[in-house]
Amino acid sequence: MKKIVSLVITLSVMILASCSPSGKGPSNTVRDYLKAMQAGKYEKALSYFDMDQSMASEMQMLTAKMEHTLQEQGGIKSFQLVPDGEKISEDGQTASVKTTITYGNGTEDEQTHRLKLVDGNWKLDMAGK
C-alpha cells in the first residue's frame, strides 16, 4: 500500500511539472535576463524578449543602448526579485514580475517586467503592456 501511495505521489508531481511551460516560470526568465545583463551579455539578454528576425536592426540598436545606459550607471551591482512580486494572469498567458535593481553607482530602481507565454516559454514583452 505504501508503494502505491508513493507511486501516485511521484506520478502526480511529474504530471504537474510537465504542465508547467518549459519548467520555467516568469520569475526564472526575469532572473536569467538580469543575470545576462549583469554579466554584460546583452545579446543573450535580448534573447529573453519576444522578438522576430525582422527586428534584427532594432535589436542591434537596443543592445548598444542597453550597454551604454548600464555603463553610465556603473553596471548592475545586484538585483532582487520582490517577494510575492510574480503575478500570472487568470488565463495563464501573461505575467508580471517585480524586481529591485541596484546599480554600481548606488542608485536603486524598482521595475515591473511584463511577460507573455510564447510557444510554451515565458518571454519579456517588448510592448511592456
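The values are calculated or read from the model by the stated rules, or taken from the named source; none is laboratory data. All figures in this text were calculated on a predicted structure; none of them were measured in a lab. Cβ: placed from backbone, ideal geometry, glycine included. Neighbour counts: every protein chain shown.
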| task | Exactly one condition in (1) among the small types (G, A, S); (2) surrounded by 14 or more Cβ atoms within 10 Å (Cβ to Cβ); (3) at pLDDT 95 or above is not met by G40; state its number. | result | (3)
| query | When segment 87-104 is examined, which residues are found to be farther than 15 Å from N121 by Cβ and either touching a residue at least 24 places away in the same chain (Cβ under 8 Å) or surrounded by 14 or more Cβ atoms within 10 Å (Cβ to Cβ) (or both)? | reply | S96, K98, T99, T100, I101, T102, Y103, G104
